[in-house]
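What follows is calculated from the coordinates using simple rules that are stated; it is not laboratory data. For clarity, every value in this text was computed on a predicted model and none was experimentally measured. We place every Cβ from the backbone using ideal geometry, glycine too, and count neighbours over all the protein chains shown.
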Amino acid sequence: MIQLVVHKRPKDKWKAKQWYTVLAPKMFGEVKAGETLADEPAKLIGRRIEMTLGDLTGKMIKNTSLKLLLEIEDVDHTTAYTRFIGHRVDPGYLRSLARKGISKVDSNVEVTTKDGEKMRVKTSCFTLKKASETQVKQIRRAMEDIIINRAKTLELSKYVQEIILGKLSSDIYKVAKKIYPLRRVEITKTERLGVVRGQ
C-alpha cells in the first residue's frame, strides 16, 4: 500500500509582517523617523532606531556624523512612538579632528536635569595647538561646570535640544577659548540613565 505524504506549505512570514511608521519623540516634534517591519506590535517594543540630524530637521546637512538613538516604547495601530535614549558622534569624524600637535580635552560627567532625568554626557574639546597641563585642566573644569549647571536649569527635552542643535557646545567654546584657542567642541555622546528617585 502506497502512503501519501502531504507536505504543509509553510506560512509566508514576510506576508504576515506589517509596516509601522516610527515617530521621533515629542521633544523633536514627532517627525517621521523611519519605517520598520514586524509581524506583531509587541515585538516592536524596545527596538532601537537611529536617525540623523538631517532626518530630524528635514534639511540637507553636511555634517551627518551625529546620530540620535531612539527606542520604541509604544505602538498604536500602525504608528510606533519612541523615546530618546541618547546620541553619538561618529568616531571617524572625531579622529579627523584629533590631529598631531594639538590637545584633545575629554570630559565624562553625569548630570541631573531640572525635571529629575539623569544623563551621562561625554564631551571633547580640540585645541589649535598643544595646550599645557594647567590649561587642559582649566578647559575640562569649564566644560564640566557648563554641562552640569545647564542641566540643572533645563528640563530634559530642552537640554537635549541644546545638545543636538549645538548650543551647548557653542557656549562651551565661547568660555573655553579664553583659556586657550580652540578648533572645535563636540558633545560626543549622551546616554539617558533614568529618573532620579525622589523626583
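Using the Karplus curve 6.51 cos²θ - 1.76 cosθ + 1.60 with θ = phi - 60°, what ³J(HN,Hα) values do you get for each residue of segment 158-172, in whole Hz, with x for Gly and Pro?
Per residue, the Karplus-derived 3J(HN,Hα) values read 6, 5, 5, 4, 5, 6, 5, 8, x, 5, 5, 5, 5, 5, 5 Hz.
Of THR112, THR127, THR134, how do they rank once you tally other Cβ atoms within 10 Å and put the fewest first?
With the sparsest Cβ surroundings first, the list reads THR134, THR112, THR127.
Can you put LEU23, LEU168 in order of Cβ neighbours within 10 angstrom, beginning with the fewest?
Least crowded to most crowded, the residues run LEU23, LEU168.
List the residues whose amide H sits under 5 Å from the amide H of ARG183, counting only those 5 or more places along or on another chain, with H placed 1.01 Å from N in the peptide plane.
PHE126, THR127, LEU128
Consider the candidate values [x] 60; [y] 56; [z] 52; state which one is percent of Cα pairs over 21 Å apart computed from the structure displayed.
Answer label, from the structure shown: [x].
If each DSSP helix of 4+ residues adds -39,500 (n - 2.57) and the sum is divided by the residues in the chain, what number results at 222 nm, nearest 500 deg cm²/dmol?
Rounded to the nearest 500, the figure is -8000 deg cm²/dmol.
Among TYR93, TYR159, TYR20, which comes first, second and so on when ranked by fewest other beta-carbon atoms within 10 Å?
Values: TYR93 14, TYR159 25, TYR20 21.
In order of increasing Cβ crowding within 10 Å: TYR93, TYR20, TYR159.
Along segment 38-52, what does the Karplus equation 6.51 cos²θ - 1.76 cosθ + 1.60 (θ = phi - 60°) give for ³J(HN,Hα), rounded to whole Hz, x for Gly and Pro?
Working through the residues one at a time gives 7, 8, 7, x, 4, 6, 7, 4, x, 5, 9, 10, 10, 9, 8 Hz.
List the residues, sorted by chain then number, that are 5 or more residues from VAL75 or on another chain and whose placed amide H is less than 5 Å from its amide H.
TYR81
Enumerate the calculated ³J(HN,Hα) couplings along segment 91-102 in order (Karplus 6.51 cos²θ - 1.76 cosθ + 1.60, θ = phi - 60°), each rounded to whole Hz, writing x wherever the residue is Gly or Pro.
x, x, 5, 5, 4, 5, 7, 8, 8, 5, x, 10
May I ask you to derive the FRET efficiency for SER96 and LYS152 from their Cβ-Cβ distance with R0 = 41 Å, giving the value to the nearest 0.05? Intermediate results must be reported in sequence, preceding the final value.
Values: r = 33 Å, r/R0 = 0.81.
Step by step, r from the Cβ atoms, then E = 0.80.
Determine, from the Cβ-Cβ distance of GLN135 and THR21 and an R0 of 41 Å, the FRET efficiency 1/(1 + (r/R0)^6), rounded to the nearest 0.05. Mind dumping the intermediate values first?
Details: r = 50 Å, r/R0 = 1.21.
With R0 = 41 Å, the Cβ-Cβ based efficiency is 0.25.
What is the set of long-range amide H partners of ASP90 at a cut-off below 5 Å, with H atoms built 1.01 Å from backbone N?
LEU66, LYS67
Which links in LYS167/LYS189; LYS118/LYS189; LYS26/LYS167; LYS137/LYS158; LYS26/LYS104; LYS32/LYS118 stretch past 24 Å when you go from one Cα to the other?
Violating the 24 Å limit, Cα to Cα: LYS137/LYS158; LYS26/LYS104; LYS32/LYS118.
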